Amino acid sequence: GPSLDCKICFNMSSVGSLNPIVKSLCWDSEFKRIFVGTAGNEIWELSAKDGSNLQKDGPLEQGHFESISAGLSINPKGTTFATVGDDKTLRIWDIIEHNIVKYTQIEMASRACAFSPDGQMIAIGFGTAASRLKDVTWESQTCT
């Protein structure tokens with residue numbers, strides 16, 4: 001009969017999970033892959049052979065986690081929108097493709113975001129006196 005012996009052991013932090021606690025797992029023996037759902041609201045597609053990520057960059061799917069996704073702003077010069085929330089992340093989504101094109105961790109939970117009129121910067125409000133201005137290319141950050 002089936003065995004409960006450990007077949008593979010790997011660390012979800014090594015693939016880049018934002019919150020690597022495993023919440024669900026599905027083993028696809030036919031295609032030799034493992035789908036892992038994490039507490040970071042990510043779904044990873046991993047090799048059943050060595051635990052490596054089968055996607056090019058990041059998880060197969062992801063979204064905000066923690067309790068609130070609070071800020072939303074549509075880029076006035078493109079087909080993207082930005083979201084921020086309690087999970088301390090800024091995410092840029094593609095409106096047409098319905099997926100995340102960029103994301104980055106920020107220093108604290110945030111409550112608001114807004115694109116600049118030219119679509120090149122994003123202002124992030126943290127619900128305190130602190131705020132940030134983030135270059136859409138992720139290359140610079142200015143405290144205000």
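The values are calculated or read from the model by the stated rules, or taken from the named source; none is laboratory data. Please read these numbers as outputs of a predicted model, since none were measured by experiment. Neighbour counts are summed over all protein chains in view; Cβ atoms, including those assigned to glycine, are modelled from backbone coordinates with ideal geometry. For accessibility, only protein heavy atoms count, side chains too; no ligands or nucleic acids. Shrake-Rupley method; radii C 1.70, N 1.55, O 1.52, S 1.80 Å.
Listed values, structure above:
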read-out: Test: residue 127 is more than 19 Å from residue 16 (Cβ to Cβ), in contact (Cβ under 8 Å) with a residue 24 or more places away in the chain and out of contact with any Phe, Trp or Tyr (no Cβ under 9 Å at 6 or more places or on another chain); value: no
read-out: Single residue of the range 19-39 satisfying the filter (free of Cβ contacts under 8 Å to residues at least 40 places away in the same chain and open to solvent by less than 40 Å² (accessible area, probe 1.4 Å)) that is farthest from residue 58 (Cα to Cα); value: 28
read-out: Every residue from the range 70-115 that is in a strand (DSSP E or B) and over 19 Å from residue 18 (Cα atoms); value: 71, 72, 73, 74, 80, 81, 94, 112, 113, 114, 115
read-out: Residue 119 vs. criteria modelled with pLDDT of 90 or more, surrounded by 12 or more Cβ atoms within 10 Å (Cβ to Cβ) and more than 29 Å from residue 26 (Cα to Cα); value: yes
read-out: Residue count, the range 37-68 (criterion: part of a loop (DSSP other than H, G, I, E, B) and not hydroxyl-bearing (Ser, Thr, Tyr)); value: 19
read-out: Odd one out for residue 10, checked against (1) in contact (Cβ under 8 Å) with a residue 12 or more places away in the chain; (2) out of contact with any strand residue (DSSP E or B) (no Cβ under 6 Å at 6 or more places or on another chain); (3) outside any loop (DSSP other than H, G, I, E, B); value: (3)
read-out: Residues that are touching a Gly at 6+ places or on another chain (Cβ under 6 Å) and either of a type in the set (A, V, I, L, M) or surrounded by 15 or more Cβ atoms within 10 Å (Cβ to Cβ) (or both), drawn from the range 51-83; value: 64, 65, 68, 69, 70, 75
read-out: Residue identified as on the phi < 0 side of the Ramachandran plot and modelled with pLDDT of 80 or more among 65, 35; value: 35
read-out: Hits in the range 36-73 (condition: among the aliphatic types (A, V, I, L, M) and farther than 14 Å from residue 101 by Cα); value: 36, 39, 43, 46, 48, 54, 68, 70, 72
read-out: Check on residue 48, surrounded by 14 or more Cβ atoms within 10 Å (Cβ to Cβ), within 20 Å of residue 125 (Cβ to Cβ) and small (Gly, Ala, Ser); value: no
read-out: Residue among 8, 43 that is surrounded by 12 or more Cβ atoms within 10 Å (Cβ to Cβ), over 20 Å from the mean Cα position of the chain (by Cα) and not aromatic (Phe, Trp, Tyr); value: 8
